[in-house]
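The values are calculated or read from the model by the stated rules, or taken from the named source; none is laboratory data. These figures come from a predicted structure and were not determined experimentally. Using ideal geometry, Cβ is built from the backbone for each residue, glycine included, and neighbour counts are taken over all protein chains shown. What goes into the accessible areas is simple: the full protein's heavy atoms, side chains included, and nothing from ligands, DNA or RNA. Shrake-Rupley method; radii C 1.70, N 1.55, O 1.52, S 1.80 Å.
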Amino acid sequence: MPTNDALDPDAILPRLLALQAAIRDALRAHMAAQQAEVWSRTVRDDAGDTVFGIDAAVEDLLLARCEEWGKTQAFTLLAEGLDPAGVAFGAPGRGGPPFRLLVDPIDGTRGLMFDKRSAWCLMAVAPDRGAATRLGDVAVAAMTELPTTRQATSDALWAVRGGGACGTRTELATSAVRALPVVPSTATTLRHGFATVCDFFQGGKALVADLAEAIYARALGPWNAQKAEVYADQYISSGGQLAELALGRDRFVLDVRPLVHHKLGAKSSLACRPYDVCTALVAQEAGCVVLDPFGAPLDAPLDVTSNVAFAAYANRALADLLVPIVREEVRRRLG
């Protein structure tokens, strides 16, 4: 298991949380001053994803803050919308051990840019092993909610590997901060809870629906037409979904888009990327179980181009129940 012994969380975490708060506040001010048509305009299409006006609004701030950090620390920034090879800051040997900082400045752009639902700013730090650095190497992770213009609060969650998960809630009008318990659901069934098989965009919807129905039937028994027994929340933010899980609102999330697209014969497709799940450590340290769809540890290159499939369970009991079901049904339908 990777360790964070070489890194100093006490030096890294405050930087991450301050940077995320600055991005949140700048984005909120930008949204208040602009029309939605400005936020949602397409700026460019990158290897990672489409970059909209709302994304470009925070890119310069991210780079400026990293430039300042680089005066005391050498690290490599990998972020959606930047050079896929990463951007180096600081001179070799400067500060503590070098690390890689993986960032999704706005995870959930599409919901936020229409002022529908909050997005999240995601950041994760791993010891620098060059191109061999993996998602499983992440030692420190932090995520801050990017609220709609109608929201009064913003949550922040963070974790250090082996140290549990923590959270705060900020009152945006006063900047008052209070502790936020990070406590997943202890339910041992999906019944009367939120469970989602991701189906955000065009491409493979029939396959995903068939898979979801099969999982629910095995987990809950035959469909009862008289009852609404399990609920789906198609939250277009992987980080947001993991936050919902860690905060006790959701019980199960499955994202198999890369497998669905492969089944459909797509050699290259857009799906969940490592930056979208770079804060999986927060959910794991809170007590959630985050794996690949087959029950293996979640892992991928720490980059901005790889596709990632994942399965997340609110607690170990739910994982014990669902992992065999998910594994078998995914293999049967997408193998």
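At-a-glance table
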item: Selection from the range 248-276 of residues that are more than 14 Å from the chain's Cα centre (by Cα) and within 21 Å of LEU112 (Cβ to Cβ); result: ARG249, ASP250, ARG257, LEU270
item: Total residues in the range 119-128, condition open to solvent by 10 Å² or more (accessible area, probe 1.4 Å) and either at pLDDT below 95 or in contact with a helix residue (DSSP H, G or I) (Cβ under 7 Å, 6 or more places away or on another chain) (or both); result: 1
item: Boolean, SER154 is open to solvent by 10 Å² or more (accessible area, probe 1.4 Å), closer than 26 Å to CYS66 by Cβ and of a type in the set (Gly, Ala, Ser); result: no
item: Residue list for the range 287-332, restricted to those being part of a helix (DSSP H, G or I), open to solvent by less than 20 Å² (accessible area, probe 1.4 Å) and not hydrophobic (A, V, I, L, M, F, W, C); result: GLU329
item: Condition met for ASP60 (more than 30 Å from GLY93 (Cα to Cα), outside any loop (DSSP other than H, G, I, E, B), at pLDDT 55 or above and open to solvent by 70 Å² or more (accessible area, probe 1.4 Å)); result: no
item: Residue within the range 250-264 that is free of Cβ contacts under 8 Å to residues at least 60 places away in the same chain, in a strand (DSSP E or B) and not aromatic (Phe, Trp, Tyr) present; result: yes
item: Lone unmet requirement of (1) modelled with pLDDT under 90; (2) assigned to a loop (DSSP other than H, G, I, E, B); (3) surrounded by 18 or more Cβ atoms within 10 Å (Cβ to Cβ) for ASP55; result: (2)
item: Of residues in the range 162-175 being of a type outside the set (S, T, N, Q) and open to solvent by 50 Å² or more (accessible area, probe 1.4 Å), the one nearest to ALA119 (Cα to Cα); result: ARG169
item: So GLY93, is it open to solvent by 20 Å² or more (accessible area, probe 1.4 Å), of a type in the set (Gly, Ala, Ser), at pLDDT below 95 and part of a loop (DSSP other than H, G, I, E, B); result: yes
item: Yes/no for ASP303 being acidic (Asp, Glu) and within 26 Å of THR168 (Cα to Cα); result: no
item: PRO98 being closer than 23 Å to ARG161 by Cβ, open to solvent by 60 Å² or more (accessible area, probe 1.4 Å) and either in contact with an Asp or Glu (Cβ under 7 Å, 6 or more places away or on another chain) or at pLDDT below 95 (or both); result: yes
item: Failed condition for GLY203, given (1) within 30 Å of GLU229 (Cα to Cα); (2) at pLDDT 95 or above; (3) in contact with a helix residue (DSSP H, G or I) (Cβ under 7 Å, 6 or more places away or on another chain); result: (2)
